[in-house]
Structure formats: C-alpha cells, structure tokens
Protein chains: 2
Amino acid sequence: MFRKPWRLNVYRPYTQKKLTYSTINSFLFLQLAAQVLDDLDDEDIGFGLVDSKKERAVAKKLGLLEVDSIYIFADDEIIEYDGELAADTLLEFLYDVIEEPVEIISNDRELKGFHHIEEDIKLMGYFKSAKSSHFTEYDDAAEEFHPLIKFFATFEPRIAKKLNLKMNEVDFYEPFMNKPVSIPGKPYIEDDIVSFIEEHDRPTLRKLEPHSMYEIWEDDINEQHIVAFAEESDPDGYEVLEILKEVAQENTENPDLSIIWIDPDDFPLMVPYWEKTFGIDLSSPQIGVVDVEDADSVWMEMDDEENMPTADELDTWIEDVMSGIIYPGDETDYNHDNNDDDDDDEDE
Amino acid sequence: MFRKPWRLNVYRPYTQKKLTYSTINSFLFLQLAAQVLDDLDDEDIGFGLVDSKKERAVAKKLGLLEVDSIYIFADDEIIEYDGELAADTLLEFLYDVIEEPVEIISNDRELKGFHHIEEDIKLMGYFKSAKSSHFTEYDDAAEEFHPLIKFFATFEPRIAKKLNLKMNEVDFYEPFMNKPVSIPGKPYIEDDIVSFIEEHDRPTLRKLEPHSMYEIWEDDINEQHIVAFAEESDPDGYEVLEILKEVAQENTENPDLSIIWIDPDDFPLMVPYWEKTFGIDLSSPQIGVVDVEDADSVWMEMDDEENMPTADELDTWIEDVMSGIIYPGDETDYNHDNNDDDDDDEDE
C-alpha cells in the first residue's frame with residue numbers, strides 16, 4: 001500500500017491492485033512543472049524522460065535504479081524525489097534543491113527562525129569562516145543530504161555562545177526535540193558527519209511531508225507504523241501534538257519507536273480514503289498502529305474531543321503496541337474503538 | 001490581474017489578456033474533488049454546475065452573482081469560495097466548512113493551540129454554557145463568517161481568567177497581534193458582533209492563503225498592495241516576518257495600511273511568474289508595492305541576505321509609500337533596486 005500514485009490517481013493511492021500507469025496521465029504533472037519553470041529564464045532546470053524498456057542502457061549509465069521514479073541531477077549529486085507526484089510539491093522541492101546546502105545564521109532573529117524549524121532534522125555548526133577547511137568538510141556532508149536534512153552554520157562567536165557550541169563543533173537536532181546532541185570527535189571530516197546522520201536519521205517523531213511521503217512510509221518498523229493524525233491549526237489537534245512531543249522527548253533513546261505525525265491539512269485528497277480504510281473520523285485527532293502491508297489498523301480509544309489521553313496514557317498505549325499486546329489485525333480490537341463517533345454522525 | 005485562473009492555467013494568472021476558459025479544463029479540478037469526496041459515504045456533499053447562458057433563471061434563484069465562481073451551500077448560508085482553483089485547496093476549505101463554526105476551548109493545551117493560530121482573524125468568547133442565549137447569538141454570528149474567520153469560546157472560568165475575559169464578553173484578535181480588542185457593549189446580539197467584524201476585517205498584516213487568495217487580492221487600497229515575500233521556514237524569511245509583525249503592531253491603528261505577506265512555499269506554481277513579472281529574486285525575502293491594475297512595482301533595496309532592514313527602516317519606507325513618495329511605475333525606481341543580485345547570478 002501507499003505505492004506511488006500518479007496525480008490523477010492520487011485519490012486511490014492505497015489500492016491493493018497494481019496500478020496501470022498511463023503514460024499520458026503519468027507525465028501531466030511533470031509537463032506542468034516544466035511549463036512553470038520555463039518562466040525562469042536564468043535557471044537551468046531541464047526535464048527528461050527515460051523509457052524503461054527502450055533505454056535500459058541509458059538508465060543504467062545514469063544510475064537510475066527504480067522505474068516510475070524521479071531523479072534530480074544537481075551538481076555532482078543524484079537526488080531521488082520520493083514525494084507526492086504533484087507539480088506544486090515537486091517544484092517546491094526543486095526550489096530547495098537549488099538553494100545553498102548550508103544556510104548561515106548571523107543574527108538573533110535568524111537564530112529565532114532556526115529554532116522555529118522543528119519538523120526537520122537539522123544541524124548547526126560553528127566555524128571560523130566560510131574559508132575554514134572544517135566548514136568545507138561540513139558543506140560537503142550537507143550536499144549528501146540536501147535538501148531533506150537542513151544544515152546551518154554560524155561564524156559569530158555571540159551566536160555560538162547562545163547555542164553552547166564550541167569552535168568546529170556540530171550539533172544534531174532530532175525533529176521536535178528541544179536539546180541537540182553534539183556529534184562526537186570534533187573536528188570532523190565529511191565521513192564523520194555523514195555516518196552520524198545515517199545512524200540517527202529515523203527520528204522518534206516525524207512529520208509526513210508531501211515531498212518525502214513515500215520515503216517515510218517505506219521506512220516502517222516490523223511492517224508497522226504508529227500513526228497520529230492531528231491538525232496543528234486546530235486546538236484539539238495541537239493538544240495531541242503537544243502530548244506526542246512530550247512522549248517522543250521521553251522516549252528519544254528508544255530505537256524501535258518511530259511515530260509518524262500526519263497533519264490532514266497537508267493531504268486533503270487523502271482524507272476520505274484514510275477515513276474509509278481505517279474506519280476513523282479525521283475531524284478529530286486519532287492515534288493508531290497501521291500494518292503497512294494489508295492496511296489493518298487499531299486506533300486508540302478517545303472518548304470525545306474534550307478528553308484527550310494524557311502523556312502517561314499514551315505512553316502506556318505505545319508500550320502495549322511495542323510489546324505486541326496491541327497490534328493491527330486483531331479481530332476484537334480492529335475498527336471497533338471509535339464507533340461512538342460514527343453513531344453520532346448517523347443521527348444527523 | 002490575478003484573475004481567476006483555472007488549474008491548468010495557474011502558471012499564468014497575471015496575464016493581461018482575458019482568459020478563455022475551456023469547459024473541459026475548467027472543471028477537471030471540480031471533478032477530481034467530487035471523485036475524492038465520493039469516498040466519504042456519510043457526508044452529504046454534492047457538486048453541481050449551472051450554465052451561465054442557458055440557466056440564467058436558476059442562477060438568479062440560487063443567488064449566484066458571479067460567473068466562473070464557486071458557491072458552497074451549507075445549512076442556511078451561501079459561501080463564495082474565492083480561492084485557488086485546485087482540488088486540494090477546495091477540499092481543505094470544504095472540510096473546514098463542515099466543522100462546527102465555534103470551537104470550544106476547555107484546557108490549557110487547547111488554549112496554547114488557540115494562541116498558536118496567528119494568521120487568521122479569530123474571536124474568543126466566554127459564556128456560561130452552550131445553552132446560554134448569549135452563546136447562541138455568538139454562534140449565529142460565527143455562521144456568517146465561518147470558516148474564513150475563526151470563532152472560539154470557553155465555558156471554563158479558569159480559562160477565561162487567563163484570557164482576562166468577563167462573562168459574555170468576546171475578544172477580537174487581528175492576525176499577528178498579541179493583544180486582542182474587546183468588542184464593546186456586552187452582552188451582544190448577533191448584529192453587534194457582525195458589525196464589529198465587518199468594521200475590522202482588513203488587518204494591518206495578513207497572509208495570502210490559497211483558499212482565499214482572490215478575495216484578499218481584490219481588497220486593495222487605492223489600487224495598490226504592499227507585498228512582502230518571505231519564507232517562514234527559512235531563517236532569512238523568518239527574520240523579515242518578525243520585522244513585519246513589529247511594524248504591523250506599531251501601526252495597527254492606521255486604517256490605510258494593509259500589508260500582504262506571501263510565503264512563496266504556499267504558491268510554488270506562481271514563483272517563476274512572480275519573479276519574472278516583478279523582476280525580483282524570490283530565493284531571498286522581498287518587500288514592495290504593487291499596482292494591482294498593471295503589475296508595476298517598486299521593491300525595497302536590501303543589500304544582501306545578511307543585512308535585512310530594521311523595523312525603523314521598514315517603517316520609514318512604508319511611510320514613503322503611503323505618502324506617495326515611493327510608488328510603482330516610477331521609471332527611476334521601477335525594477336532597478338534589486339539588480340545587484342541579478343548581476344551576481346550572471347557570473348555563475
């Protein structure tokens with residue numbers, strides 16, 4: 001499930017049967033993206049198609065491994081785009097690709113902006129200047145992960161002091177965590193930074209983003225995902241998100257725990273499908289476990305909107321999931337807890 | 001300019017020549033929205049088309065005033081949808097329409113969520129209970145503006161105390177303002193609240209949102225808009241946004257000042273068009289004045305990314321705009337200030 005749908009099929013991405021992609025439909029969204037970029041005279045972004053049957057040798061030479069995938073060639077890097085097949089999402093991603101991999105923080109307001117970013121994995125380094133060889137190593141590491149992981153640096157002692165950073169030191173920030181971890185062994189070469197990131201790139205809590213949705217969905221643990229639906233712009237959803245952050249901060253050392261937060265506002269075309277598949281009502285927050293193979297799921301009992309679980313209750317529930325006491329596909333649990341809401345709706 | 005484009009024309013919305021809408025293209029996005037909603041068995045949302053030539057009488061009877069517009073019939077209200085003609089944006093708006101017009105805040109985390117909402121006009125009332133006749137008047141007022149203006153209420157004395165709200169009192173929050181204004185003359189009837197909102201519904205600083213972009217764009221002052229492009233998720237953009245908020249908070253009493261903040265991340269398909277039309281580089285923040293008729297514009301000089309204007313400098317610049325010293329279309333100013341950046345790009 002959650003296989004790559006083309007734009008015009010996006011309302012049925014979970015469908016079990018293999019999608020037959022029509023070439024015409026498939027590339028409508030790429031055509032739109034290319035047309036839009038055509039207005040940018042000064043940017044050199046080209047679009048190409050490789051026929052997986054006729055041009056196998058070309059694909060191999062270019063390093064294209066997966067059929068029906070989009071690869072971005074930027075400088076010396078090949079970036080696989082593993083996001084929603086929609087022109088707006090792809091373009092936003094491309095705009096990020098063409099930005100510098102390391103962003104420099106030079107004053108307090110920018111520092112506030114840096115702290116404001118909490119949904120992405122981010123790193124912050126303190127270096128003498130852009131000419132420092134240690135900065136070059138950092139910049140090279142950034143290119144490996146750009147634009148999915150955000151790299152920042154400062155050359156200002158005053159800013160470094162506020163961040164508790166020593167010269168040539170880099171801090172690693174997991175999403176939604178207040179405190180960073182300093183990468184050990186400074187000064188680093190590129191590989192030190194790359195290895196550290198690769199070991200820590202599955203956060204305890206992460207947000208499903210349109211530009212990387214397939215990558216995240218495919219990164220399951222034992223074929224399961226703990227999923228939380230919560231609308232950040234809604235006070236109920238915000239409440240659940242705060243509880244999730246608390247639980248994630250307490251369990252950040254647990255390598256087997258990874259919760260995916262989905263803001264339904266980011267996926268309007270998916271909402272009806274999710275509601276039907278999981279038997280839930282997404283007008284209020286939901287927390288559950290989903291089997292990524294057959295879309296079986298169990299959802300936490302939440303009495304009503306006024307009565308969200310506490311961090312402790314959620315913690316206990318998550319422990320039960322991880323120890324296997326609660327699991328998707330159990331006949332007695334499945335699609336059962338949330339029927340109260342449905343009954344109310346039918347009265348209307 | 002900024003006339004309603006259909007989805008497949010969205011990359012040329014500013015075009016001067018009148019768009020000829022092809023019926024087939026026009027309703028592709030409506031069809032997609034309808035298909036998606038088809039999965040929602042329990043929601044009664046139907047889609048209809050009225051032919052503006054053949055069914056003039058029907059249109060009149062339904063109260064449909066504008067051709068090429070989308071009207072939503074919800075309970076007793078007719079809501080004009082004045083947003084991007086894209087299925088995802090329309091659906092997100094529809095999900096908001098079917099929610100309750102007043103959201104109840106009952107604990108501290110929800111209150112934090114309420115404070116977290118800063119981009120919308122929002123109101124908060126304190127009432128004895130949902131059965132209070134004063135709450136009913138508030139709820140009726142909410143229906144008039146729902147879902148574009150957000151209405152909240154609390155029945156908890158503890159929460160009301162934190163908000164400094166007296167019984168049956170309603171506070172009005174302008175976007176990006178820390179302090180609300182209490183609506184005078186409590187307890188209110190519906191009309192008191194409606195009139196107050198109608199008098200205060202053009203904020204000093206407002207965000208261009210896809211679901212209401214045409215409505216906001218058409219609400220110009222003397223055929224001009226002060227426009228700020230700033231990416232919230234980027235520290236440079238965040239810095240400019242903080243400065244804008246400061247300026248807006250200082251000038252909130254000025255009825256002639258209304259700044260539109262555009263986050264380019266929300267409009268990826270528009271970025272190349274804006275860059276070309278306004279002669280600016282949207283990879284860094286930009287502040288300017290735009291003539292809504294001919295798209296002439298003047299942009300504030302910003303030396304480089306490290307050197308954003310201070311709140312005072314921005315304030316002076318805005319005063320010059322409002323007194324007419326700076327205006328779009330001036331040969332010596334127009335499309336001239338920002339050439340430094342362009343020159344740099346050409347070196348690459």
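General remarks:
- Listed residue pairs exceeding 25 Å between alpha carbons, taken from A:Lys162/B:Lys122; B:Lys150/B:Lys186; B:Lys112/B:Lys150; A:Lys162/B:Lys162: A:Lys162/B:Lys122; A:Lys162/B:Lys162
- For segment A:265-326, the relative contact order comes to 19 percent (Cα pairs under 8 Å, sequence separation of at least 6).
- Each Cα pair under 8 Å and six or more residues apart adds its sequence gap; the mean of these over the residue count of segment B:205-323 is a relative contact order of 32 percent.
- Segment A:205-323: C-alpha gyration tensor shape, a/c 1.5 cut-off, then a/b vs b/c: rounded
- The relative contact order of segment B:161-270 comes to 30 percent, based on Cα pairs under 8 Å that sit 6 or more residues apart.
- Candidates per GluC sites (Glu not before Pro) in segment B:67-157, loop by DSSP, up to 15 other Cβ within 10 Å: B:Glu99, B:Glu118
- Beta bridges per DSSP, both residues in segment A:132-264: antiparallel share near 30 percent.
- Between A:Leu65 and B:Ser182, the simple spin-label model (points 7 angstrom out along Cα→Cβ) gives 6.4 nm.
- Inverse mean reciprocal Cα-Cα distance (Kirkwood Rh) of segment A:57-112, Å: 13.7
- Those GluC sites (Glu not before Pro) in segment A:227-279 that DSSP places in a loop and that have at most 10 other beta carbons within 10 Å: A:Glu253
- Sparse packing (at most 12 other Cβ atoms within 10 Å of the Cβ) combined with a DSSP loop state is found for none of the trypsin sites (Lys or Arg not before Pro) in segment A:94-123.
- Once the Cα-Cα distance is subtracted from the 0.36 nm per residue extended length, the A:Glu301 to A:Asp320 segment shows a gain of 5.5 nm.
- The base-10 log of I(q)/I(0) for segment A:102-199, evaluated at q = 0.14 Å⁻¹, reads -0.44 [Debye formula, identical scatterers on Cα atoms, solvent excluded].
- Residues A:Glu198, A:Glu313, ranked from the fewest to the most other C-beta atoms within 10 Å, line up as A:Glu198, A:Glu313.
Only the coordinates and a few stated rules stand behind these numbers; no lab work does. Here the structure is a predicted model, which means the values were calculated and not measured. Every residue, glycine among them, receives a Cβ derived from its backbone with ideal geometry; neighbour counts consider all protein chains shown.
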